[in-house]
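> There's a structure below that I have some questions on.
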Amino acid sequence: MKKIVNFLVLIFIFGTNWAQVTTSSDQLFGGTRNFDNNTFDFQTITKTQEHEFFISNSNKVPVSLKSIDVPDGFTVTIVDKVLNPQTIGKVIVAVNPKLFKNKGFFEQQIKILAEYEIGNDKNIKEYIFTVKGYIQ
């Protein structure tokens, strides 16, 4: 009986140490995502154009994505609203020149919120994608 109790204690100790997850925002969202790709230049726009941005979830918890503060003239489509661990999600930003009030150069920011829970804590990270171009 003593051997069984010792074995169970050993399993419990190693099991809890192995299961503990230490997280940071770098670990959660740094991973394979290239932060240099947060800006896209549409150049001269005469008709509706789209660009795809990617967000990776390199952690062990699911992440929910939603868009906020979408400027006039833009459409944001979040293809993957929930990112499972170790996956990459796609966000499509479309610009429609007919919806712009003024012609000429523009530079706007598209904000995406990523929400995730660790334990009982709800966390939010904001991604900002910059899009620019010229409405002809």
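Derivation of every value follows stated rules applied to the coordinates shown; laboratory data play no part. It should be emphasised that the depicted structure is a prediction, and the values quoted were computed from it without experimental measurement. Please note: Cβ atoms are built from the backbone with ideal geometry, for glycine as well, and neighbour counts cover all protein chains shown.
> Mind giving me the nanometre distance, one decimal, between the label points for LYS111 and ILE88, set 7 Å out from Cα along Cα→Cβ?
Distance between the two pseudo-spin positions: 2.7 nm.
> How much of the DSSP bridge set in segment 23-135 is antiparallel, in percent, rounded to the nearest 5?
90 percent
> Evaluate the distance, in nm, between pseudo-label points positioned 7 Å from the Cα of ASN123 and of SER64 along their respective Cα→Cβ axes.
The two pseudo-label positions are separated by 1.7 nm.
> For VAL82, VAL61, what's the fewest-to-most ordering of other Cβ within 10 Å of each Cβ? Please report the intermediate quantities before stating the final value.
Details: VAL82 13, VAL61 16.
Exposure proxy ranking, most exposed first: VAL82, VAL61.
> How long are the semi-axes of the ellipsoid equivalent to segment 23-135, from square roots of 5 times the Cα gyration tensor eigenvalues, in whole Å, largest first? Mind showing how you got there, number by number?
Details: eigenvalues 175, 33, 24 Å².
One finds semi-axes of 30, 13, 11 Å for segment 23-135.
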